[in-house]
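Data first, discussion second: the structure below is written as structure tokens.
The values are calculated or read from the model by the stated rules, or taken from the named source; none is laboratory data. None of the values given here were measured: they were computed from a predicted structure. Heads up, the Cβs are rebuilt from the backbone with ideal geometry, glycines too, and the neighbour counts pull from every protein chain shown. Calculation scope for accessible area: heavy atoms of the full protein, side chains included, ligands and nucleic acids excluded. Shrake-Rupley method; radii C 1.70, N 1.55, O 1.52, S 1.80 Å.
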Amino acid sequence: MSTIATQQAGIPRRNMILIGVSLAITFWLAEALIHTFIFDEGQLLLNLFPTEPNELWMRTLVCFLLISFGIYGQSAFTKLAISEYERRRLQDHTLPDLSAQLPTVTDSPMISLGVFAAMSFWILESLIHSSMFGEGDLLKNMLPTDPNELWMRLLVSCLLIALGIYAHFSITKLKRSEAERLALQKKLEDSLTKMLSGFIPICANCKNIREADDTWIQIEGYIQKHSDVQFSHGICPKCAKLLYPDFTGKR
């Protein structure tokens, strides 16, 4: 369903989970290369599989964030595609202008949450270095001077804020699309209720219905034209006896 909806909505397909995993692998390799050639901390193979608890913890956290970003992005992307597909499908119907009737969409607080998560991570990392790794007091660890530690903290903080920005725009866009879709659906239901209510001029003999332009149309065609109803033709027992007496008599 999501693939069809993505194509129908005109949104290019993306595998955000694969992108998140690829970013995690790329980060792990880049971190190993940085430790080998910039910080000069041993061979590349040893840096690919670090044994230092702090380094391993930081790398695992960044990879987890990147993969979580991919999972969240895929979920938001799929929901947006389905919502856009449903909205455009509803727009195919002839409806009045809805621009003045769309509900107001409140912004998502995800950017503030991203900044809060980055600050919480920085404080948590300082507490871990002070209490678990025994690397000085808390105030000293709040402002680290080690280039590797500072680089990793800045990277994770930027990732958390970037995730908050991405989540903000994706959720806001999804909420706007959903609000427009619901408004279109309500307007369509109101229009159909109005169309199929009141006096309908129908022929007393053939049961055809007169349109506004004085043309006559079969009742099935009229209902199909003004709604999403599709007819499946059959034959009732009374008409079957009238039209096929031999067949119904044998049965």
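Note: relative contact order over segment 114-207, using C-alpha pairs below 8 Å and six or more positions apart, is 31 percent.
Taking amide H as placed 1.01 Å from N in the peptide plane, TRP216 has its amide H under 5 Å from the amide H of GLU211, each at least 5 places away in sequence or on another chain.
Stretching the chain fully between LEU127 and ALA162 yields a gain of 10.2 nm (0.36 nm per residue, less the alpha carbon separation). 3J(HN,Hα) along segment 154-167: 5, 5, 5, 4, 5, 5, 5, 5, 5, 4, x, 5, 4, 5 Hz, from the Karplus curve 6.51 cos²θ - 1.76 cosθ + 1.60 with θ = phi - 60°, whole Hz, x for Gly and Pro.
First measure r as the distance between the Cβ atoms of ARG210 and LYS173, then evaluate 1/(1 + (r/R0)^6) with R0 = 45 Å and state the FRET efficiency to the nearest 0.05. The calculated FRET efficiency here is 0.50. Taking all protein chains as they are arranged and a probe of 1.4 Å, the heavy atoms of ILE38 leave approximately 120 Å² accessible to solvent. The PHE64 and GLU220 beta-carbon pair, evaluated with R₀ = 51 Å, returns a calculated FRET efficiency of approximately 0.30.
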